[in-house]
Amino acid sequence: MITPTKGIAPDRCLLAVGAQVLLQLDEPRTVSQTWARLKGWRADQAHISPVSFEWFVLALDILFAMGAVELVQDVLVARSTDAAPSER
């Protein structure tokens, strides 16, 4: 599920869908806006493997668990990976 298997296409595994979600978060967006943009992006990129809303939510769960996204005042925000937290 998280990584591709013989039953789950590479463009449908949760890590790939999570990466596709991050591409949609160039600015903070609601969950609904992100879902709509992801569906449009996948159609534009000719991805034929279906991704349901439930699968999208699982990808968000993975991203949240990895610290890649957060929900701030009801909008999804991609956390920057460029700046490491200062440790003092």
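Placing unit charges on C-beta atoms (Lys and Arg positive, Asp and Glu negative, everything else neutral), compute the dipole magnitude of segment 25-76 about its Cα centre in debye, rounded to 20.
Result for segment 25-76 is approximately 200 debye, rounded to the nearest 20.
In whole Hz and in residue order, list the ³J(HN,Hα) couplings for segment 67-77 that follow from phi through the Karplus curve 6.51 cos²θ - 1.76 cosθ + 1.60, θ = phi - 60°; x for Gly and Pro.
Here the 3J(HN,Hα) series is x, 8, 9, 8, 9, 10, 6, 6, 10, 7, 10 Hz.
Tilt of helix 53-65 relative to the longest C-alpha principal axis of the chain, in degrees (0 to 90, nearest 10)?
So the inclination is approximately 30 degrees.
If amide hydrogens are placed 1.01 Å from N in the peptide plane, which non-local residues have theirs closer than 5 Å to the one on R29?
Here the answer is L76, since their amide H atoms fall under 5 Å of that of R29.
Quick one: check the C-alpha center-to-center distance for segment 1-28 versus segment 37-74, whole angstrom.
7
If I take every Cα pair under 8 Å that is 6 or more residues apart in the chain, average their sequence separation and divide by the length, what percent do I get for the relative contact order?
Worked out over the chain, it gives 31 percent.
When the chain is treated as a GNM, springs tying every alpha-carbon pair under 10 Å, which of A43, A78, A59 comes out with the largest mean-square fluctuation?
Answer for the Gaussian network model of the chain: A43.
What does the accessible area per residue of the chain come to in Å², with a 1.4 Å probe and no ligands, DNA or RNA counted? It would help to have the intermediate numbers written out before the result.
Values: 5920 Å² over 88 residues.
Averaged over the residues of the chain, the accessible area is 67 Å².
The values are calculated or read from the model by the stated rules, or taken from the named source; none is laboratory data. These numbers come from a predicted model, not from an experiment. Glycine gets a Cβ as well: all are built from the backbone with ideal geometry, and neighbour counts include every protein chain shown. Side chains are part of the model used for accessible areas, which takes the heavy atoms of the whole protein and leaves out ligands, DNA and RNA. Shrake-Rupley method; radii C 1.70, N 1.55, O 1.52, S 1.80 Å.
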